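Chemist: Handing you this structure, nothing more for now.
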């Protein structure tokens, strides 16, 4: 896809995301959509990457063809939304039986973290021959691991948010744990197979050392950057909401929206180093400033809910816009609609590890 097409597409995605956040009731957005959107993010990855578009979209969907991208896209979108709503209901009413807001935000960030780890840095999303089995296995494994981590790690004692359950058994205070998870995700994405460094240098270790060492490194770097940012006096929301969320967003968007432009023709690690400088430093810094400007009309809606400036401020709003709306719109178009009417993307999010020689 040409860079001009990619840029126009990305601006259109940004506009759709902005309009969505502006017109929907902010109270609903924060208390229902936001915790539910973690299931939307999970579904986009499990359907799009683990299930390879099963049951309707490319490449394993029964209805998809290069000339028929709209109908499968619509059906996948409906199925995806219904499943996310059902899982949100299950979370609140069956297991783990917690309020969607605010406790569901902590459950959700673990879902997001485990989904990305399993799909991009874990044992691999395709252990079975059947696409439906890969999707089902990934979904169940992600939810079970999330439940285990949530039970052992998140401690809500002292959390000043109405509706938070009491869980004295967790090892980490809830607010600290949330930012920690976001920073872990930064490094899962940086080293993720289809993004930035594309698994370099860990893939050289082979399975299972590749997955084990990479997971340890992501956790250690997440801790260093999260605890280090707090130690030098950066506010928690600026650390995870402005910096980390923007870094996560651009490691994804540079691959999905721009296909590593202009570095796709390089091999790793040269490609990854250039990607890292552009995505995690330059574009992240620019994005923080841009969002300060374009989200100004939306911020008063957040203030009117009574949840700003604490616990939500412009930094948190930036994270919501980047990961919970813009990234979702982009991935819907990428996975379910195969970028219709633009050229069909390469598998699964960007170019292959070894680029062509042209």
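Computed from the coordinates by the stated procedures, all read-outs in this text should not be read as laboratory data. Just so it is clear, the model here is predicted, and its values are computed rather than measured. Here the Cβ positions follow ideal geometry from the backbone for every residue, glycine too, while neighbour counts run over all protein chains shown.
Chemist: Take residues that are in contact with a strand residue (DSSP E or B) (Cβ under 7 Å, 6 or more places away or on another chain) and farther than 15 Å from residue 116 by Cβ and tell me which of the helices (runs of 4 or more DSSP H) falling wholly in the range 173-256 contain 1 or more.
Modeler: Passing ranges, in order: 174-191.
Chemist: In this structure, is residue 108 touching a residue at least 40 places away in the same chain (Cβ under 8 Å) and crowded, with 16+ Cβ neighbours inside 10 Å?
Modeler: Yes: the conditions hold for residue 108.
Chemist: Let me ask something else. Would you call residue 58 crowded, with 16+ Cβ neighbours inside 10 Å and closer than 28 Å to residue 317 by Cβ?
Modeler: So residue 58 fails the test.
Chemist: Still on this structure: Test of understanding: among 109, 16, 98, which residue is in a helix (DSSP H, G or I), in contact with a helix residue (DSSP H, G or I) (Cβ under 8 Å, 6 or more places away or on another chain) and within 23 Å of residue 142 (Cβ to Cβ)?
Modeler: Selected residue: 109, the only one of 109, 16, 98 that is in a helix (DSSP H, G or I), in contact with a helix residue (DSSP H, G or I) (Cβ under 8 Å, 6 or more places away or on another chain) and within 23 Å of residue 142 (Cβ to Cβ).
Chemist: Within the range 69-86, restricting attention to residues that are over 26 Å from residue 100 (Cβ atoms) and surrounded by 15 or more Cβ atoms within 10 Å (Cβ to Cβ), which residue is nearest to the chain's Cα centre (by Cα)?
Modeler: Among those residues, the one meeting the criterion is 73.
Chemist: Continuing with this model, one more query. Looking only at the range 60-95, which residues are touching a residue at least 12 places away in the same chain (Cβ under 8 Å), closer than 18 Å to residue 138 by Cβ and assigned to a helix (DSSP H, G or I)?
Modeler: Selection gives 76, 79, 80, 83, 84, 87, 91.
Chemist: Now a separate question. Given the conditions (1) closer than 27 Å to residue 325 by Cβ; (2) in a helix (DSSP H, G or I), which single one is not true for residue 273?
Modeler: Among (1) closer than 27 Å to residue 325 by Cβ; (2) in a helix (DSSP H, G or I), residue 273 violates only (1).
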